[in-house]
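Peer 1: Questions regarding the structure given below will be posed in turn.
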Amino acid sequence: MQNGNEPRKHTIAVLVENKFGVLSRVAGLFSARGYNIESMSVGETLDPSISRMTLVVRGDEFVIEQATKQLHKLIDVIKVTDLTDESHVERELVLIRVNAEPSNRAEILRTADIFRARVVDVTPVSFVLEATGDEGKLEALIELLRPMGIQELVRTGKVAIARGPKTRVRRVEAPRKPRVADDPRVVGFAD
Amino acid sequence: MKMAGARIVLECLKRQGVDLIFGLPGGAVLPIYDALYDFEGLRHILVRQEAAAGHAAEGYARTSGRVGVCLVTSGPAATNLVTALQDAMMDSIPIVAFTGQVPTHLIGNDAFQEADNVGITRPCTKHNFLVKDGKDLGPIIREAFHIASTGRPGPVHVDLPKDVLVKEWDLVWPAQVHMRSYNPNYDGHPGQIKRAAKLLARAKKPVLYVGGGVISADASAELRELAEMAQIPLTQTLMGLGSFPMEHPLSLDMLGMHGSYYANMAVHHSDVLVAVGARFDDRVTGRVDAFAPHAEIIHIDIDPSSISKNIKVDVPIVGDCRRVLVKLVEALREELREEPAPAIREGRRQWAAQIAEWKRDFPFRYEWSDDVVKPQHVVQEISNATGGEAFIVTGVGQHQMWAAQYYKFKHPRMWCTSGGLGTMGYGLPTAMGVQAANPGKLVINIDGDGSFQMNSQELATCFTEGLPVKTVIINNSGHGMVRQWQRIIYKERYCAIDLPGVPDWVRLAEAYGCVGLRVTKPSEVVPAIEKMISTPAPVVLDVCVDKDECVFPMVPAGGANTDMILEPPTREVRDKAAKSQTGF
């Protein structure tokens, strides 16, 4: 059991109204209190009027309790769930451009294979790899590729979902995306 | 039926029950002022600076219990309003502020008088809106009033682009407000209320510590019932003054940095502390690790984020103060049905005796002088002359603390002061709002010469709008509270505190069409106050007081409440203080 006063990483899922300014309200809340957001990812949910944010915040129990209460106090926030102590799945996607000299191309590909990373771009001198996983896996991959010379690296920030059958978002009928075939101007398109 | 957005705004205000707005026109809100020209049922009070519109709305809200409304234009007007919004935010005052904005197609273009209004007010409002589409006007205004007045009250800002005000739209007026993301909890948890009642029934040294939440929730009667039923001594925060009559035998007056000796000692030695609608502000607690160290703490508050923010509490009860107090009184009555154990009865008897002793030995006190007016004396005489039945407003500084210490408050919603933000210049514009909300009633603004100067232009509003606010300037020719700190903590290295001589307040008052009076001798104080009260016009009473007078008791910043000093410290004490990081 961790000591409650030790700062540690928390993964917090926040359901918010999908309105302009909400991101800034959430970011402002953290900056106004001097809390640091380690990563944040935002996207629409099944219900397009609701967005879901996944925040990773480092802090002791006191800071996290205040942060979640303050989040909940924001008028546009619908629900705040700290997933840290619940069973949940976390994933992050990373794109890595790595030097690919003839001498280490094979090793890069082997490493990528072990981590189930995909090569999404190839040039005579570089690869771009795409990998998903939890933080530990991605860190391990990055450490192995570092000696080859990583030129550029982009991470999405974490997304997380609770395990088990319970749903965190009220189940809403997914609105049907308009398909190309619905457009009367498109004729003879094989959909 | 379609109508211009500006007209929709006014219609919505009327439907919302608004009868009075404080404002100042300008380019972006001209459509609203044009619609106001022949709109019936809305009084508009033209202020002289935008912050004053916000403070006036605060005064209106605090004394009437309704939402205060102000209306100003874009850019500089909105930024001027920010102080009042943050003030209302810190003190949980329900106001709705409307600002103009450049037309939507110009937003972000650095247009004339453009500012990112909603970006600026975001951290200093409970919520804010930018209306981009006229069909949202009705629903947004409805939500704005709902948010401002429910839960923990606070300021809401609505930004209105000019084109939205000019174009014609259908008025949409939702029958009720439903927001899935905003549902304040009003009823306290029954289990926690029961726990609180059990704790209180067994307490030997209980104290009630009550704040502005009791006033917002209109819970004074319930509070009194609780205090009297269980005979619990009660102390009030600066924001809570008026929630319990000061002359009640159970009253311990104000606590905290400039609170009474007996309130601070009672809280420190208590075994059960019940915080009602208060937020353990640093001016109340002093050093937090030394605050009420022996007490189990019960905290009743509508805002979950207030709970265990500064002080860890043992029994949190999230809910509306009035509803929770009703339930707590019921639960406690149940608990008290059985005769308490002799040990508890004996404990309570000793506690009452101890408090009586503190009250007798260390009352608020000052040295009388026959030559120079003592500021505390002025407040006492105002209190005597009004019998606690006047609306009292203050600025910020020494005079504010003396008003809180020496005025005998009787009723809730008759005291307005800037508690959280400590906004100098708050007094006059707020008093104006109080007077507008309470025509024919006596409104006294107890102000300082430094504080009053920050918004004295509103004397013009008082004069032209027929708002006979009485201002008493406790004039010590300087920034007294700063002087006090420089004297006590900074070894009398006085810096940038003198405001000698100018302006001549009597002539300034007269220049604004008001009545000016001056007092320099103690014997003149009472007649001048009587004359001021009987004058039907706005009055400025300039009372020249002893500039060396300090506010005591005083808990130096960073000290524990038990470190409070009751008189100017000796050189020895001061030198010791200078060596420590925290003061004393």
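Peer 1: For the protein assembly as shown, with the dipole built from +1 on Lys and Arg beta-carbon atoms and -1 on Asp and Glu ones, taken about the Cα centre, which of B:Thr63, B:Met3, A:Ile142 lies farthest toward the positive end?
Peer 2: The residue sitting most towards the positive pole is A:Ile142.
Peer 1: Something else: Give the lysines reachable from B:Lys470 as a straight Cα distance under 30 Å; neighbours fewer than 8 places away on the same chain don't count.
Peer 2: B:Lys374, B:Lys408, B:Lys410, B:Lys441, B:Lys521, B:Lys531, B:Lys547
Peer 1: Past the 24 angstrom mark, what percentage of all C-alpha to C-alpha distances in the stretch B:438-559 do you count? Don't skip to the answer; put the middle values down first.
Peer 2: Working: 2490 of 7381 pairs.
The answer is 34 percent, as a whole percent.
Peer 1: List, largest first, the extents of the alpha carbons of the stretch B:336-409 along their principal axes, each in whole Å.
Peer 2: So the extents along the principal axes, rounded to whole Å, are 54, 28, 23.
Peer 1: So who's got an amide H within less than 5 Å of the one on B:Phe409, skipping anything under 5 residues away but keeping other chains? H placed 1.01 Å off N, in plane.
Peer 2: Amide H neighbours of B:Phe409, under 5 Å, 5+ apart: B:Met246.
Peer 1: For the stretch B:244-380, what is the largest minus smallest coordinate of the Cα atoms on each principal axis, given in angstrom and ordered from greatest to least?
Peer 2: Answer, in whole Å and largest first: 57, 39, 28 Å.
Peer 1: Report, to one decimal in Å, the Kirkwood hydrodynamic radius for the protein assembly as shown based on all distinct Cα pairs. Write down the numbers at each step before the final one.
Peer 2: Working: mean 1/r = 0.0341 Å⁻¹.
Answer for the protein assembly as shown: a Kirkwood hydrodynamic radius of 29.3 Å.
Peer 1: Using all C-alpha to C-alpha distances in the stretch B:191-302, build P(r) with 10 Å bins and read off the rounded percent in each one.
Peer 2: Computed distribution, short to long bins: 16, 53, 30, 1.
Peer 1: Once Lys and Arg get +1 and Asp and Glu get -1 on their Cβ, which of B:Leu332, B:Ile355, B:Ser243 lies farthest toward the positive end of the dipole of chain B?
Peer 2: It is B:Leu332, whose Cα lies furthest towards the positive end.
Peer 1: For chain B, evaluate the Debye formula with one uniform point scatterer on each Cα (no solvent term) and list log10 I(q)/I(0) at q = 0.10 Å⁻¹, rounded to two decimals.
Peer 2: -0.88
Peer 1: Separation of the stretch B:103-126 and the stretch B:1-70 by C-alpha centroid, Å?
Peer 2: So the separation of the two Cα centres works out to 20 Å.
Peer 1: Run through the stretch B:1-78 and list the chymotrypsin sites (Phe, Trp or Tyr not before Pro) located in a DSSP loop whose Cβ has at most 15 other Cβ atoms within 10 Å. Intermediate results must be reported in sequence, preceding the final value.
Peer 2: On the way: sites: B:Phe22, B:Tyr33, B:Tyr37, B:Phe39, B:Tyr60; in loops: B:Tyr37, B:Phe39.
Answer by residue number: B:Tyr37.
Peer 1: How crowded by other chains is B:182-194, given as the mean number of beta carbons from other chains within 10 Å of each beta carbon?
Peer 2: Working: counts 7, 0, 1, 0, 0, 0, 0, 0, 0, 0, 0, 0, 0.
That works out to 1 on average.
Peer 1: Sort out for me the Cα centre separation of the stretch B:212-256 from the stretch B:429-467, rounded to whole Å.
Peer 2: 28
Peer 1: Starting from the amide H of B:Asp542, placed 1.01 Å from N in the peptide plane, find each other amide H under 5 Å away whose residue is 5 or more places distant or on another chain.
Peer 2: B:Ile473, B:Leu517, B:Arg518, B:Val519
Peer 1: Related question: Output the Cα-based Rg and Dmax of the stretch B:380-422 in Å, rounding Rg to one decimal and Dmax to a whole number.
Peer 2: Considering the stretch B:380-422 through its Cα atoms, Rg and Dmax are 10.1, 30 Å.
Peer 1: Also: What are the residues whose amide H is under 5 Å from the amide H of B:His189, where those residues sit 5 or more places off or on another chain and H is modelled from the backbone?
Peer 2: B:Val318
Peer 1: Please compute the Cα-Cα pair-distance distribution of the stretch A:1-135 with 10 Å bins starting at 0, giving whole percents from short to long.
Peer 2: The distribution over the stretch A:1-135 is 11, 33, 24, 19, 12, 1, given as percents.
Peer 1: Could you pull out the chymotrypsin sites (Phe, Trp or Tyr not before Pro) across the stretch B:322-372 that fall in loop regions by DSSP (anything but H, G, I, E, B) with no more than 12 other Cβ atoms inside 10 Å? Mind dumping the intermediate values first?
Peer 2: Details: sites: B:Trp351, B:Trp358, B:Phe364, B:Tyr366, B:Trp368; in loops: B:Phe364, B:Tyr366, B:Trp368.
Listed in order of number, the matching sites are B:Trp368.
Peer 1: In Å³ and rounded to a whole number, note down the convex hull volume per residue for the Cα atoms of the stretch B:194-252. Present the calculation step by step, with values, prior to reporting the outcome.
Peer 2: On the way: hull volume 4.8 nm³, N = 59.
Taking only Cα atoms, the stretch B:194-252 has a hull volume of 81 Å³ per residue.
Peer 1: Relative to the Cα centre, what is the charge dipole magnitude of the stretch B:282-336, using +1 at the beta carbon of each Lys and Arg, -1 at the beta carbon of each Asp and Glu, and rounding to the nearest 20 debye?
Peer 2: 180
Peer 1: A follow-up question, please. Counting DSSP beta bridges in the protein assembly as shown, what percent are antiparallel, to the nearest 5? If you can, show how the numbers build up before the last one.
Peer 2: On the way: 50 of 114 bridges.
Close to 45 percent.
Peer 1: Moving on to the next point. Only helical DSSP H runs with n ≥ 4 go in: add -39500 (n - 2.57) per run for chain B, normalise by residue count and round the 222 nm mean residue ellipticity to 500 deg cm²/dmol.
Peer 2: Values: 23 runs with 226 residues, N = 584.
My calculation for chain B gives -11500 deg cm²/dmol from helical runs alone.
Peer 1: Taking a probe of 1.4 Å and counting only protein heavy atoms, give the total accessible area buried between chains A and B in Å², rounded to the nearest 100.
Peer 2: On the way: alone 12050 and 23410 Å², together 33870 Å².
It comes to approximately 1600 Å² buried between A and B.
Peer 1: Still on this model: Can you tell which of A:Ile96, A:Leu83, A:Ile64 lies farthest toward the positive end of the dipole of the stretch A:1-111, using +1 and -1 charges on the Cβ of basic and acidic side chains (Lys, Arg; Asp, Glu)?
Peer 2: In the stretch A:1-111, that residue is A:Ile96.
The values are calculated or read from the model by the stated rules, or taken from the named source; none is laboratory data. These figures come from a predicted structure and were not determined experimentally. Because the Cβ atoms are built from the backbone with ideal geometry, glycine has one as well, and the counts that use them run over all protein chains shown. The accessibility values were calculated without ligands, DNA or RNA, using every heavy atom of the protein model including side chains. Shrake-Rupley method; radii C 1.70, N 1.55, O 1.52, S 1.80 Å.
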